[in-house]
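Before any comments, here is the structure.
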Amino acid sequence: MTHRHSALLSGVGNTRVGALPEASCLGLHAQATQGALADAGLSLRDVDGVICAYSFVEPYPMLSSVFCEYMGIQPAVTFSLQLGGATGATMIMQAAALVEAGYARHVLCVTADNRLSGMSRDGAVAALAGFGHPEFEVPYGLSIPAAYALVAQRYLHETGATVEQLAAIAVQHRAHAALHPDAHQRTPITLDEVMHSRTIASPLRLLDCCLISDGGAAVIVSAADTAADLRAPRVRLLGAGQGHTHEHLIAAPSLTDFGCKQAAARAFARAGVKTTDIDVAEIYDSFTITLLVELESIGFFQRGEAGPAAARGELGLNGRLPCNTHGGLLSFGHSGAAGGMFHVVEAVRQLRGECGARQVRDAELAFVHGDGGVLSAHCSLVLVRA
Amino acid sequence: MMPLPHPNADSRAYWEGTALGELRYQRCSDCGHAQFPPRAVCLRCAGALQWARSAGQGSIHSYTVVARAPSAAFKSAVPYVLVLVDMDEGFRLLLTLRDPQTAPTIGQRVRVVFESTEDPAICLPQAVQDGD
């Protein structure tokens, strides 16, 4: 199998993640960009495509144009993209399409936000609640955690999974984050601490929910024939796919099966691989339940088997499917669209063998998945070590 | 201030109905498909829609007890129970379960009641356990 024509993920970078009150949102974009450029062995003038996402703290209607102005660059192609938690993966899919079609050589995909320091916690929670339907959800006080809690309650009912199994996911993610120097939360937690943290929306407790962090991440996607110009041209995009079933929870066709099924199936078909070929998976984990339903809906586990597997440690570094090896949104951090991009960054580093204590041995094939809304918009990527 | 709906051309008949104590939903006059939220076209056949009146009975598809309010407007309301209700006519609503007499369960029967709001033109449908 040769991948000579597939786009390269040529550089990755992330800022520190956590409370960064000294940084602006655009400043975090710049920091992440510099990290990715240095990693790729490129300079800013090599970049001829720029894809940005969105910011709650600095809500420009044309963020990518503002970012290019801030950096003093005039790319051949730029746009901003909004797909909630699926944004990061979708940016990579679009960047690859641009370089494979010849519209650009090196596309910078950059995401950042500073919701922790740039807005109040209440402000961030209220902004997220705006994802709800303005007439049929928001007037009822449906928060994002409450929407996922409705998914969780139904999932527990249908599968017999337990809150202990949800808690095991949170504990595993924290253990991974403890091995990453940039993670927001690195202090180990126990099942008991997760299950006795305060209730946010039953059955979800505080430690079932992702963090709110400041931070940024950038990935450069380069044309296949630029390999000679790059420092580490080793990771390629083998396949990508999307799946979309709804935006609002009240319109979701199922509470246990989601567009991740179609997104992953399309990405796997394009890559010519299957779930059992994957060595490491970086899958969106806005809540513990998010990962659990997606693992089964995608097909990594049979219905009802992901929870017991998590409890047995099978999502750990030496498990059957090492998952969210950086600690995910639950413990590495979640800063808007950068949250999903951290998963891409980690997958690239795993495939290059750069992860030290958290390295998955002989990782050759990685799966990345992002979802936005309430399991509404999905994008999957299959990355390969070339 | 509670966030209240601003009816538009798609939803106006729904909110006019709730103000009269009627729960209305869209049904396609061509294929019979029941749909919610209201839209300009039938999702199944793109046919013509008409408004039908629901009997206001359904079963809980899922529920949660919300302890952390999404905004200042709901801080005095927590904890409250949100339920996704599968209405007998084949559409799904998100409602608050008012004054539950027993713990909510999936499959439990509920019926719709109508609550006035700060806006005299808007009544919000809510759920109560059947038999109340």
Legend entry - Residue selected from segment A:247-271 under the condition closer than 20 Å to residue A:158 by Cβ and in contact with a helix residue (DSSP H, G or I) (Cβ under 6 Å, 6 or more places away or on another chain), by the criterion surrounded by the most Cβ atoms within 10 Å (Cβ to Cβ): A:260
Legend entry - Residue check, residue B:67 more than 25 Å from residue B:32 (Cβ to Cβ) and at pLDDT below 95: no
Inset, instruction - Filter segment A:195-230 down to residues that are within 14 Å of chain B (Cβ to nearest Cβ) and among the β-branched types (Val, Ile, Thr) and give me whichever is nearest to residue A:145 (Cα to Cα). - result: A:200
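Can you find even one residue in segment B:62-76 that is more than 12 Å from the chain's Cα centre (by Cα), among the basic types (Lys, Arg) and crowded, with 19+ Cβ neighbours inside 10 Å?
Yes, segment B:62-76 has at least one match.
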Inset, instruction - Provide a single number: the residues in segment A:134-150 that are within 18 Å of the chain's Cα centre (by Cα) and either part of a loop (DSSP other than H, G, I, E, B) or more than 7 Å from chain B (Cβ to nearest Cβ) (or both). - result: 2
Legend entry - Residue ID - surrounded by the fewest Cβ atoms within 10 Å (Cβ to Cβ), chosen from residues in segment A:2-15 that are in a loop (DSSP other than H, G, I, E, B) and modelled with pLDDT of 95 or more: A:7
Legend entry - Pair list, Cβ under 6 Å, 6 or more apart: segment B:1-13 residue within 7 Å of another protein chain (Cβ to nearest Cβ), other residue in a loop (DSSP other than H, G, I, E, B) and surrounded by 11 or more Cβ atoms within 10 Å (Cβ to Cβ): B:4/B:117; B:4/B:119; B:4/B:122; B:5/A:135; B:11/A:135; B:11/B:38
Legend entry - Residues located in segment A:227-248, provided they are over 24 Å from residue A:282 (Cα atoms) and aliphatic (A, V, I, L, M): A:227, A:228, A:230
Inset, instruction - Could you please find all residues in segment A:249-286 being within 14 Å of another protein chain (Cβ to nearest Cβ) and either in contact with a Leu (Cβ under 6 Å, 6 or more places away or on another chain) or over 30 Å from residue B:95 (Cα atoms) (or both)? - result: A:250
Inset, instruction - Enumerate the pairs (first residue in segment A:112-127 and modelled with pLDDT under 85; second residue anywhere and outside any helix (DSSP H, G or I) and buried (at least 17 other Cβ atoms within 10 Å of the Cβ)) with beta-carbon separation below 7 Å, excluding pairs fewer than 6 apart on the same chain, so at least 6 apart or on different chains. - result: A:121/A:212; A:124/A:56; A:124/A:212; A:125/A:143; A:125/B:70; A:126/B:70; A:126/B:71; A:127/A:56
Inset, instruction - Evaluate the following for residue A:83: is it buried (at least 19 other Cβ atoms within 10 Å of the Cβ), modelled with pLDDT of 95 or more and either under 17 Å from residue A:49 (Cβ atoms) or of a type in the set (Val, Ile, Thr) (or both)? - result: no
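Being more than 10 Å from chain B (Cβ to nearest Cβ), in a helix (DSSP H, G or I) and touching a Pro at 6+ places or on another chain (Cβ under 7 Å) narrows it down to one residue among A:165, A:153; which is it? Please lay out each step first, then the result.
Values: A:153 fails: more than 10 Å from chain B (Cβ to nearest Cβ).
Checking each option against the conditions leaves just A:165.
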Inset, instruction - Scan segment A:61-74 and give yes if some residue there is closer than 25 Å to residue A:247 by Cβ and under 17 Å from the mean Cα position of the chain (by Cα), otherwise no. - result: no
Inset, instruction - Please report, ordered by residue number, the helices (runs of 4 or more DSSP H) entirely within segment A:281-365 with at least 2 residues that are over 18 Å from the mean Cα position of the chain (by Cα) and not acidic (Asp, Glu). - result: A:306-311
Inset, instruction - Mind listing whichever residues of segment A:168-181 are farther than 20 Å from residue A:350 by Cβ and in a loop (DSSP other than H, G, I, E, B)? - result: none
Legend entry - Verdict on residue A:347 being touching a strand residue (DSSP E or B) at 6+ places or on another chain (Cβ under 9 Å), on the phi < 0 side of the Ramachandran plot and modelled with pLDDT under 95: no
Inset, instruction - Among the residues of segment A:190-246, write down those that are within 15 Å of residue A:107 (Cβ to Cβ) and out of contact with any helix residue (DSSP H, G or I) (no Cβ under 9 Å at 6 or more places or on another chain). - result: A:225
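Which is in contact with a strand residue (DSSP E or B) (Cβ under 7 Å, 6 or more places away or on another chain) and at pLDDT 95 or above, of A:184, A:180, A:157, A:173?
It is A:184.
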Legend entry - Residues satisfying the stated conditions in segment A:230-246, i.e. farther than 22 Å from residue A:344 by Cα and surrounded by fewer than 18 Cβ atoms within 10 Å (Cβ to Cβ): A:246
Legend entry - Residue among A:172, A:185 that alone is buried (at least 21 other Cβ atoms within 10 Å of the Cβ) and more than 30 Å from residue B:124 (Cβ to Cβ): A:172
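The values are calculated or read from the model by the stated rules, or taken from the named source; none is laboratory data. Small disclaimer: the values here were computed from a predicted structure and weren't measured. Every residue, glycine as well, gets a Cβ built from its backbone with ideal geometry; the counts of neighbours run over all protein chains shown.
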